[in-house]
Amino acid sequence: MRSHISINRYAHGHLVGARSTAAPLREQVEEALAGGGEMVFDFSKVEATQSFIDELVGVLILRHGPDVLARLVFKSCSDDVRAIIEFVAADRCDQYIKAHSH
Amino acid sequence: MPTPVHLPASISARTADTSILACNRLIERGGDALVDASLLRFADPFGMALLGATFHMVQAQGRAISVRGLHHAIAGYLHRMDVFRAVELIDSTPQLNDRRERSDALVELTRLHHRRQVDEAAYRLAVTLIGSIPGVDANAPPDEMTGYTAFDRLVEPIQYALGELLENALTHGRRQGFGDACVWVASQYYRKSGLIRLGVVDNGCGFLATLRNHPDLRRQDHLEAILTALRPRISCNRDLRFGMESVNQGVGLTTVARIAEHAGGRLTIVTGNAIHDTVGRSRALLGGAFWQGVAIGVVCRRDRLPGIRFSELLPPYTGARPQLRFE
Ligand SMILES: Nc1ncnc2c1ncn2[C@@H]1O[C@H](COP(=O)(O)OP(=O)(O)OP(=O)(O)O)[C@@H](O)[C@H]1O
Ligand SMILES: [Mg+2]
């Protein structure tokens with residue numbers, strides 16, 4: 001099953017910002033993932049801060065490991081959002097692997 | 001009659017030492033506070049946020065504040081910035097003309113005390129600031145390619161920077177027994193120079209208290225704590241710990257410094273007895289001045305803001321790149 005979240009709905013203006021906005025969203029995602037299936041994040045018409053992406057995606061990686069990424073789809077990202085997702089994912093996967101290798 | 005505390009001629013990031021010294025005297029002196037403002041001629045958003053925080057703390061001690069000798073040239077301006085909430089002004093009536101004559105765009109001093117206010121406040125403050133710049137039209141049609149207006153391009157970097165600084169203040173600033181800490185924010189556009197200035201000041205625990213046990217902190221002093229906090233991936237809360245709800249990446253403050261830098265500006269950061277300017281100045285505050293908390297001044301050029309791309313602000317990284325599914 002595929003669940004969708006329209007990130008745009010959580011924006012103020014065109015930007016999703018604070019960690020406190022992303023945290024409840026991530027909890028929703030975790031519930032959906034627990035039932036199997038995958039999650040589609042729709043980033044159309046929205047920019048994001050690194051801390052928002054980290055709270056949403058980075059924390060999922062820290063909690064569930066890099067394998068969780070196979071079940072996440074990032075749709076309609078601007079170049080900036082895409083670059084931020086790539087940065088956060090690389091950083092948190094690296095951190096997860098280091099923490100679990102000894 | 002209490003002994004007056006004299007405000008210096010300028011309360012600003014550039015004169016942080018004397019500005020903070022005056023604030024220290026106001027906070028430390030017992031009884032009702034009398035402020036002599038006869039020398040005061042200039043205040044920037046950093047200075048206004050500092051004054052707002054100081055007045056608030058004095059009032060929270062149950063002490064009344066009166067300000068005397070305020071020059072009319074600055075009275076209306078500070079009044080409009082809402083710096084003098086519940087403060088008695090002696091011999092000084094802010095003139096309405098003073099307020100209207102100011103062509104520079106101001107956004108009045110705002111205090112936040114809940115983390116959940118951050119997103120809304122960062123957006124509202126950025127929109128108000130940019131919206132008050134003469135000649136910037138919030139309703140101009142968007143660019144066909146990107147869907148963004150020129151207004152959006154100005155608002156977003158400011159909203160981003162404010163959001164990160166406010167969230168830092170209301171999360172990290174509240175650690176180590178400072179659960180009641182608040183944050184004050186002011187901003188202004190200076191028409192002649194084309195500069196935007198922001199001031200974000202909290203009365204929390206400060207950088208050193210949060211980073212004291214960080215392995216990368218080489219010396220236990222305030223200056224070292226600022227320099228350490230500015231490095232990417234340094235955070236007091238980077239690891240997911242059992243029972244701890246929140247986690248950080250250590251990138252927000254670095255990004256704010258990069259926003260300022262890309263927009264031809266800089267950050268001035270004060271905490272404890274230290275001051276650091278991201279273009280070089282870095283030292284102990286003079287005269288024994290000490291700020292309990294973090295006080296940050298941001299300055300940047302308005303004309304450089306629209307060129308900022310958030311992807312270019314990220315810290316460099318090497319190592320494996322995980323497979324991601326973009327559609
Ligand atoms: N207002 C503040 N008061 C006290 N400590 C602060 C404050 N702002 C930042 N710090 C300290 O500086 C560190 C670095 O801040 P920065 O914003 O770069 O990262 P972070 O907030 O930890 O992570 P992220 O911004 O990615 O969520 C913080 O972890 C904290 O230790
Ligand atoms: Mg931060």
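Between the range B:1-55 and the range B:239-303, how many Å separate their Cα centres? Between the Cα centre of the range B:1-55 and that of the range B:239-303, the gap is 22 Å. Calculate how steeply helix A:19-34 sits against the longest principal axis of the alpha-carbon atoms of chain A, using the helix alpha-carbon long axis, and give the answer as 0 to 90 degrees to the nearest 10. That works out to roughly 60 degrees. With both residues required to sit in chain B, DSSP beta bridges show an antiparallel share near 75%. Dividing the helix sum by the residues of the protein assembly as shown, where each DSSP H run of 4 or more adds -39500 (n - 2.57), gives a mean residue ellipticity at 222 nm of -11000 deg cm²/dmol. Around the amide H of residue B:183, modelled in the peptide plane, lie the amide H atoms of B:112, all under 5 Å away and 5 or more residues distant in sequence or on another chain. Summary of packing: across the peptides B:264-270, B:70-76, the per-residue average of other C-beta atoms within 10 Å ranks them, highest first, as B:264-270, B:70-76. Shape class for the range B:228-327, computed from the alpha carbon gyration tensor (a ≥ b ≥ c): oblate, with a/c not under 1.5 and a/b at or below b/c.
Can you tally the net charge around residue B:299? Count Lys and Arg as +1, Asp and Glu as -1, for every other residue whose Cβ sits under 9 Å from the Cβ of residue B:299. Counting the neighbours of residue B:299, the net charge comes to +2.
Under the simplified labelling scheme, the residue A:102-residue B:312 pair shows an inter-label distance of 3.9 nm, with each label point 7 Å from Cα along Cα→Cβ. Farthest towards the positive end of the charge dipole of the range B:1-100, among the residues B:65, B:84, B:5, is the Cα of B:84, using unit charges on the Cβ of Lys, Arg, Asp and Glu. Put simply, the amide H of residue B:65, placed in the peptide plane, has neighbours under 5 Å in B:33, B:88, leaving out anything fewer than 5 places away on its chain. DSSP beta bridges fully contained in the range A:2-100 are about 10 percent antiparallel. Hey, how many Å between the Cα centroid of the range B:166-235 and the Cα centroid of the range A:12-49? That distance is 27 Å. Using C-alpha pairs under 8 Å with a sequence gap of at least 6, the mean separation divided by the residue count of the range B:1-100 gives a relative contact order of 26 percent.
Of all DSSP beta bridges in the protein assembly as shown, what percent run antiparallel (nearest 5)? Could the numbers behind the result be given before it?
On the way: 37 of 60 bridges.
Roughly 60 percent of the DSSP beta bridges within the protein assembly as shown come out antiparallel.
Relative to the globular-protein estimate of 2.2 N^0.38 Å, the Cα radius of gyration of the range B:187-252 stands at 1.46. Answer rounded, prolate or oblate for the protein assembly as shown, using the Cα gyration tensor with square roots of eigenvalues a ≥ b ≥ c: rounded when a/c is under 1.5, else prolate when a/b is larger than b/c, else oblate. Because a/c hits 1.5 or more and a/b exceeds b/c, the protein assembly as shown counts as prolate.
Between residue B:193 and residue A:34, the modelled label-to-label distance comes to 5.4 nm, taking each label 7 Å out from Cα in the direction of the beta carbon. Under a model in which nothing but the beta-carbon of Lys, Arg (+1) and Asp, Glu (-1) is charged, the range A:2-100 shows a dipole of about 140 debye around its Cα centre.
Would chain B count as rounded, prolate or oblate if I go by the C-alpha gyration tensor, calling it rounded below 1.5 in a/c and otherwise prolate when a/b exceeds b/c, oblate otherwise? Verdict is oblate for chain B.
Of the complete DSSP H runs in chain B, those spanning 27 angstrom or more by Cα along the long axis with a mean Kyte-Doolittle score not below -1.0 are B:150-171.
Our coupling estimate for the range A:52-61, obtained by passing each phi through the Karplus curve with A = 6.51, B = -1.76, C = 1.60 and θ = phi - 60°, is 5, 5, 5, 5, 7, 9, x, 5, 4, 5 Hz, Gly and Pro reported as x. Along the axis of the charge dipole computed for the protein assembly as shown (Cβ charges of +1 for Lys and Arg, -1 for Asp and Glu, origin at the Cα centre), the listed residues B:34, B:114, B:263 are led at the positive end by B:34. For the residues of B:115-121, the average number of beta carbons from a partner chain within 10 Å of their own beta carbon is 5. Bridgeable aspartates and glutamates around residue B:192 (alpha carbons under 16 Å apart, same-chain partners fewer than 8 residues away excluded): B:44, B:101, B:104, B:303.
The relative contact order of chain A comes to 30 percent, based on Cα pairs under 8 Å that sit 6 or more residues apart.
Amide hydrogen proximity for residue B:251: with H placed 1.01 Å from N in the peptide plane, the residues at 5 or more positions away or on another chain lying under 5 Å are B:233.
All of the numbers you see were taken from the coordinates with simple rules; none came from a lab. Treat the numbers as computed from the prediction; the structure is a model and nothing was measured. Here the Cβ is made from the backbone with ideal geometry for all residues, glycine too, and neighbour counts use every protein chain on show.
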